[in-house]
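Beneath this line is the structure, given in structure tokens, with notes to follow.
The values are calculated or read from the model by the stated rules, or taken from the named source; none is laboratory data. Bear in mind the structure is a predicted one, so any value in this text is a computation, not a measurement. FYI the Cβ positions are ideal-geometry reconstructions off the backbone, even for glycines, and counts take in every protein chain you see.
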Amino acid sequence: MTNSHQETIEALNILLADYHIYYQKLRNFHWNITGPHFFELHAKFEELYEDAKLKIDEIAERILTLRGNPVSNFSVYLDLSNIKEADSTLIDHKMVSEILEDHIALLKQLKKVTAAAENAKDDGTLDITGTYIGEIEKTSWMLNAWNQRK
């Protein structure tokens, strides 16, 4: 593998940062959810952060496969990420709205990774991004449907 993957590696490192902040936000919400939707959202946030944890590892390993170095400092994640930290005191619907906003950011970054991978003819990364995009879109649809309840 050559430097033709440098653009993909850089885009993947931003995605890695995005997923780390997203993961931590989900942990925050999992720990701090209260109210009548506690049980369903507590479990859903755990499901989502467990999925994010697997994706973090897969993204880092893809960067290594492309002979790059995954960023690994939280301060760098905060600088690189398109996703911002959230307050621990949000109500349930606001938490879900935050997650939906994060999905938009993740999808935008996934499209940047996809474009870079297409330019490099990198089918391995394209396989990953296609799967992630489909999963986020489906999860967003479900969370949005839940969030319509008021």
Just one of Glu47, Glu10 is of a type outside the set (Gly, Ala, Ser), surrounded by fewer than 21 Cβ atoms within 10 Å (Cβ to Cβ) and in contact with a Gly (Cβ under 9 Å, 6 or more places away or on another chain); which is it? Glu10
Of all residues in the stretch 71-107 being under 22 Å from Phe39 (Cβ atoms), surrounded by fewer than 20 Cβ atoms within 10 Å (Cβ to Cβ) and small (Gly, Ala, Ser), which is modelled with the lowest pLDDT? Ser88
Can you name the condition, by its number, that Thr131 falls short on among (1) closer than 30 Å to Glu7 by Cβ; (2) over 18 Å from the mean Cα position of the chain (by Cα); (3) assigned to a helix (DSSP H, G or I)? (2)
Positions within the stretch 23-39 being within 14 Å of Ile99 (Cβ to Cβ) and without any contact (Cβ under 8 Å) to a residue 40 or more places away in the chain, in sequence order: Tyr23, Arg27, His30
Where Asp102 falls short, out of the listed (1) among the acidic types (Asp, Glu); (2) touching a Gly at 6+ places or on another chain (Cβ under 6 Å); (3) in contact (Cβ under 8 Å) with a residue 60 or more places away in the chain: (2)
